[in-house]
Amino acid sequence: MRLLSYLLDGEPRYGAAVAGGVVDLTRRIGRDYSDVKALIAANALADAQEAVARATPDYALEDLVLLPPVLAPEKLWCIGVNYAERNAEYKDNSDLPKYPSLFVRSMSSMTGSGQPLEKPKVSEQLDYEGELVIVIGQGGRHIPREKAWSHVFGMTLCNEGTIRDWLRHGKFNVTQGKNFDRSGSIGPWIVTADELDPRGPHDIITRVNGEVRQQDTTDRLMFPFDFIISYLSTFATLKPGDMIVTGTPTGAGVRFDPPRWLKVGDVVEVESRGIGVLRNAVAAEQ
């Protein structure tokens, strides 16, 4: 099932993308589950599947304003430097990391598929980072690696947009450059684990104006999904609807000589065969 969130008459709703359009689940089962996060927390995927099986599409997908599939996850984790060769990009002669690099983003820094990415007034260095996202279903703490897969509800995509010259404003953190409003995106939907095995392998491709800039596969992750889930749950309780952005391949704009920053009017597409395409154009901050 492909679960998504969207605006209708200014109100957030959720549904399922099917052949021919979108089935509105807010109208059909929303009295029991208010949004995608509530559906996940209630382990109620079967109720959504039953509702969709009895329905015809309510809306055309192209007529909807898409939002990130989970509107208010308790945690939006981001893993850095996770694909082979990414560590070498830093040219600091460091050993391969023993543990994942980690930071967090606020949901105000994310928008939905088809909505504009915002190039801020204070910087010319808006960059793209195409990534796969794990969505947590069953929560937990101290999750053994061998049981991690049972905690995955599904997968989606992220453009983990970054303002490069704001990454090092502080001595130790990257938080500022990772949290500009609407600088990144998540979507277009969650593909549930019963239809897309999170074990993979999964491909990931990023295009800018049709040109492939990033391309890799999860076979080459330094820290695989099951390790990440186990590691994070060692120090923090994972909750239903939490999202884990799992790292970007080589080829971000900052790594070109000269760097290739995103400009107003550029179109960024992040794609994985089993999920679909996350597409956003770049607009100027108003």
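Points to keep in mind about this one:
- Which numbered condition Ala19 fails, given (1) of a type in the set (A, V, I, L, M, F, W, C); (2) open to solvent by 10 Å² or more (accessible area, probe 1.4 Å); (3) over 17 Å from Gly114 (Cβ atoms); (4) in contact (Cβ under 8 Å) with a residue 60 or more places away in the chain: (4)
- Scanning the range 32-61 for residues that are open to solvent by 30 Å² or more (accessible area, probe 1.4 Å) and under 14 Å from Gly187 (Cα atoms) returns a single hit, Leu61.
- Filter pass, Val277 being surrounded by fewer than 18 Cβ atoms within 10 Å (Cβ to Cβ) and in a strand (DSSP E or B): yes
- Sub-8 Å Cβ pairs linking a first residue in the range 34-53 that is over 17 Å from Ser150 (Cβ atoms) to a second residue that is among the basic types (Lys, Arg) and assigned to a helix (DSSP H, G or I), at least 6 apart or interchain, are Ala51/Arg28, ordered by first then second residue.
- Against the criterion of being in contact (Cβ under 8 Å) with a residue 60 or more places away in the chain, assigned to a helix (DSSP H, G or I) and either touching a helix residue (DSSP H, G or I) at 6+ places or on another chain (Cβ under 6 Å) or surrounded by 14 or more Cβ atoms within 10 Å (Cβ to Cβ) (or both), Ile205 does not qualify.
- Checking each residue in the range 213-236 for being more than 20 Å from Phe153 (Cα to Cα), more than 17 Å from the chain's Cα centre (by Cα) and either modelled with pLDDT under 95 or open to solvent by 40 Å² or more (accessible area, probe 1.4 Å) (or both) picks out Asp219, Arg220, Met222, Phe235.
- Pairs linking a residue in the range 262-286 that is of a type in the set (D, E, K, R) to a residue that is outside any strand (DSSP E or B), with Cβ atoms under 7 Å and 6 or more positions apart or on different chains, are Asp266/Asn209; Arg279/Ser113; Arg279/Gly114; Glu285/Pro120; Glu285/Lys121.
- Matching residues, the range 72-84, being outside any strand (DSSP E or B) and surrounded by 17 or more Cβ atoms within 10 Å (Cβ to Cβ): Pro73, Val81, Asn82
- Per-region count, the range 160-192, residues assigned to a loop (DSSP other than H, G, I, E, B), buried (at least 21 other Cβ atoms within 10 Å of the Cβ) and not acidic (Asp, Glu): 3
- Of all residues in the range 240-273, those being exposed (fewer than 15 other Cβ atoms within 10 Å of the Cβ) and closer than 19 Å to His202 by Cα number 1.
The values are calculated or read from the model by the stated rules, or taken from the named source; none is laboratory data. Computed from a predicted model, the values in this text were never measured in an experiment. With ideal geometry, Cβ positions are generated from the backbone for all residues, glycine too; neighbour counts draw on all protein chains shown. The accessibility values were calculated without ligands, DNA or RNA, using every heavy atom of the protein model including side chains. Shrake-Rupley method; radii C 1.70, N 1.55, O 1.52, S 1.80 Å.
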